[in-house]
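Scroll down for the structure; my scribbles are underneath it.
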Amino acid sequence: MNAQPIELKKHEVAHHFETAEQEFDAAKIGMWAFIAQEVLFFSALFVAYAVMRFLHPDMFINASSMLSWKMGLFNTTVLITSSFTMVMAVQRVQVNKIAQSINYLIATLGLAGVFMVVKYFEYTSKFSHGIFTTKFFVAEGAFETLPIFFGLYFVATGLHGLHIVIGMGLIIWLILRARKGEFHSEYFTPVEMVGLYWHLVDIVWIFLFPLLYLL
Amino acid sequence: MSDSSHVGYLEAEKGLKSWLFTLDHKRIGVMYLFTVFFSLLLGGLFALLLRLELLTPTTLIFSAKQYNQLFTLHGAIMVFLFIIPSIPAALGNFILPLQLGAKDVAFPRLNLASYYIYVFGALFSVFSLFTGAVDTGWTFYTPYSVESSTSVIAMTLGAFIMGFSSILTGVNFIATIHKMRAPGMGWFRLPLMVWALYATAIIQVLATPVIGITLLLLILERILGVGIFDPTLGGDPVLFQHFFWFYSHPAVYIMILPAMGIMSELVTTFCKKNIFGYSAIAYSSIAIAIISFLVWGHHLYVSGQSEYASMIFSILTFLVGIPSGIKVFNWIATMYKGSISLETPFLYFLAFIFLFCIGGFTGIVLGALSLDVHMHDTYFVVAHFHYVMMGGTVIAFLGGLHYWWPKMFGKMYSNKWSKISWFLIFVGFNWVFLTQFVLGASGMPRRYYNYLDQFQPLHAFSTVGTWVLGSGFLIMTIYLLHSLKYGKVASANPWGGITLEWHTKGPTPIHHNFVDTPQVNYGPYDYENVEIPS
Ligand SMILES: [Cu+2]
């Protein structure tokens, strides 16, 4: 498909930096600080999970068995694979294999799409059984034992899903810029930063999956 | 001065668009400054109104509900719209790159974005004013905040959005301090303001997301009924308090740490002396930042938290006094044998020491478990945190504003009026809040609309104090605005400071700040080796 090779564009260092290296390092520190705040953002949900589980241990065991661990495991595999394709996209751009890098980005985007589709089916199957967040919970005979778990489930996976969607937007942005030849071995900061973000989203899921589906 | 590189950043580009789309940290700082100052006046107006209502024990002007809305608006506006962004985002934006000898912050576009995110969030909060205001208090405690019919969602969404702005500023400052320092400026040649902003940025990045998710959970609780905070659904309302204070106690240090940074700048410049105990002050900023994450439970002594947890939180709370004390002693030691000049900014330094000590010591009193059970939710608490937030942060903000005003705008304000205004603010402040210590200790609960007749004399006395305090701010607003147009042209270094911001020649140029990148060979306050720039 890559009939013409992509013409690489020289990167101009922003006026307030002395060197490209300084520019890259600043972006990297900034990104790590941002990731730290993301971790703290999700951490409150994990604390809420722990407290609610402590208050209602039976509810959590009952409710978690209602989630399909097969779907969860499938999605976990999908996300871990997408982290791998993301790593490859970053690595390829560093050695100026831009077309390959773009293909890996497209693969990552596709896997993210698969994740969201599976999530869609999980959500709708819950809705069809009357399982909503706590206040609107109508599943028969289950009210006493299940609702808060599903309240947390929808909030946690919903916020995680929102991060996936934002990540998909960022990956599309990368693909468009990479096609114009803006990324190459001299300048690949955005690819690397989105990569970091993507791994974070992956790691959050790796914690959510066992806590919600398995335990 | 006809060289185009010597046009100041204010004149370099013209028109509204050149401001609204600017990426220059100085202009963004100025936009923040005007926005937060406006918020200060708005929050202050609400304070005047609610104190007016408290003039008598029964209804005077407002209904009980309106009164609840007033103190919520006063608190929420002062905390989220004014104090949190005041020093880091307004003064810090302007001064940080200059003190580092840098051309800008690391991410100028992110910087502008965080300003607009702040404005957007602030508009949400102001919008809540017209859709029923909020009557929960600025702490939004559940379960009432879930049930209240007022527009809790607009206000908390506003605070949530402003939180993002604060996080992005923190991210930006961390990267800037790590990577944008002038050649030769190692970590121990950083001005102490920079250390303070660094510690602040760490808290902004690590604590703010927790209030973000907490407020989001509160909003979702209202819309979807998640149940986590709702006891009728099996949730735990105290969990909200834990989450809230996990952010909001460190947030107190988002407010006070940069204020302490300003103090270090003021005391050295106006004593013309090297700081006493540089590294002790620098490390104590970091120590305060760390301890701040471990003390939130002192807000929950009477919320049913376990006694052992309360004891531990009480001990940890006392620990905050150590690094704070280290700073105060070092500032006072710096004054010893200095050539002190009592300019307006230095008067604010003196006021800060006096008021912050009262605020700090009463904080230790409240941190003590047995006393707090008695004092909890009384005017004693109100007076304590006003001494820290207003006596500490706002006074430092005003000190910094008067210190950097000539650098920011190239104009001098009236010396006489600034001192009169300082005097009114200092006297008015103590008038209002010393009284409230007495009120609280004798049992007056906070947030009450009506009160027992026996408290009226002190309440009325406190209310009259707000008029003195308010007139001080009114005078300040007038002479500062007046100076913008009619003020005397200020020299590049009117106070004889030697940190890098005073080395810029004439009005600070827009794109590169310094004509030549400065080379740093000495400590930031080394008056013996560094020549005072003219
Ligand atoms: Cu506290």
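Would you mind listing how long region A:21-214 runs along its three principal axes, going by Cα atoms, in whole Å with the largest first?
Dimensions of region A:21-214 along the principal axes of its Cα atoms: 61, 29, 23 Å.
Starting from 0.36 nm per residue, how many nanometres of slack lie between A:Leu215 and A:Val117 once their C-alpha separation is accounted for?
32.9 nm
Could you tell me the total accessible area buried at the B-A interface, probe 1.4 Å, in square angstrom to the nearest hundred?
Values: alone 20460 and 11690 Å², together 29170 Å².
Chains B and A together bury approximately 3000 Å².
When N counts the residues of chain B, how does its alpha-carbon radius of gyration compare numerically with 2.2 N^0.38 Å, as a ratio?
In units of the 2.2 N^0.38 Å rule of thumb, it is 0.95.
In whole Å, what is the distance between the alpha-carbon centres of region B:44-90 and region B:495-534?
41
By the scheme Lys and Arg +1, Asp and Glu -1, what is the net charge of all other residues having a beta-carbon under 14 Å from that of A:Val95?
On the way: positive: A:Arg92, A:Lys97; negative: A:Glu186, A:Glu192.
Net of charged neighbours comes to 0.
Rounded to the nearest 20 Debye, what is the dipole magnitude of the protein assembly as shown about its Cα centre when Lys and Arg each give +1 and Asp and Glu each give -1 at the C-beta?
Result for the protein assembly as shown is approximately 1160 debye, rounded to the nearest 20.
Convert 20 °C to kelvin, take the viscosity as 1.002 mPa s, use the Kirkwood radius over C-alpha pairs of region B:257-376 as Rh, and evaluate the Stokes-Einstein diffusion coefficient in µm²/s, rounded to a whole number. Mind showing how you got there, number by number?
Details: Rh = 15.6 Å.
Using the Kirkwood radius from Cα pairs, D works out to 138 µm²/s.
Pull up the cross-link candidates among the lysines for B:Lys337, meaning alpha carbon to alpha carbon under 28 Å and not fewer than 8 places away within one chain.
Excluding near neighbours in sequence, the set is B:Lys272, B:Lys273, B:Lys327, B:Lys407, B:Lys416, B:Lys419.
Rg and Dmax of region B:141-273, Cα atoms, in Å?
19.3, 63
Would you calculate, for chain B, the mean residue ellipticity at 222 nm contributed by helices, counting each DSSP H stretch of 4 or more residues as -39,500 (n - 2.57) and dividing by all residues, to the nearest 500?
Mean residue ellipticity, 222 nm, calculated: -21500 deg cm²/dmol.
Can you give me the pair-distance distribution of the protein assembly as shown, C-alpha pairs, 20 Å bins, whole percents?
Answer for the protein assembly as shown: a P(r) of 16, 47, 32, 6, 0 percent.
Roughly how tilted is helix A:98-128, in degrees to the nearest 10 and between 0 and 90, from the longest Cα axis of chain A?
With rounding to tens, the tilt is 10 degrees.
Using mean Cβ contacts within 10 Å as the protection proxy, how do A:110-116, B:302-308 order, highest first?
Details: A:110-116: 17.9, B:302-308: 11.4.
With the highest mean Cβ count within 10 Å placed first, the list reads A:110-116, B:302-308.
At a Förster radius of 25 Å, what calculated FRET efficiency corresponds to the Cβ-Cβ distance of B:Ser534 and B:Tyr486, to the nearest 0.05?
For B:Ser534 and B:Tyr486, the calculated efficiency is 0.50.
So what's the net charge close to B:Tyr115: Lys and Arg +1, Asp and Glu -1, counting the other residues with Cβ under 13 Å from its Cβ?
Local charge sum for B:Tyr115: +2.
When averaged across all projection directions, what area in nm² does the alpha-carbon convex hull of region B:1-133 cover? It would help to have the intermediate numbers written out before the result.
Details: hull surface 41.8 nm².
One quarter of the hull surface, i.e. the mean projection, equals 10.5 nm².
What's the long-distance tail for region B:193-256, i.e. % of Cα pairs beyond 16 Å?
50
Once you list every other residue whose beta carbon is under 12 Å from the beta carbon of B:Ile475, what net charge do they have if Lys and Arg are +1 and Asp and Glu are -1?
Values: positive: B:Lys416, B:Lys419; negative: none.
It works out to a net charge of +2.
Within region B:289-319, whose backbone N sits under 15 Å from a point 7 Å along Cα→Cβ of B:Leu371?
Those under the cut-off are B:314-319.
The values are calculated or read from the model by the stated rules, or taken from the named source; none is laboratory data. Just so you know, these numbers come straight off a predicted model, no measurement behind them. Heads up, the Cβs are rebuilt from the backbone with ideal geometry, glycines too, and the neighbour counts pull from every protein chain shown. Ligands, DNA and RNA are stripped out before the accessible areas are found, and what is left, the full protein with its side chains, is counted by its heavy atoms. Shrake-Rupley method; radii C 1.70, N 1.55, O 1.52, S 1.80 Å.
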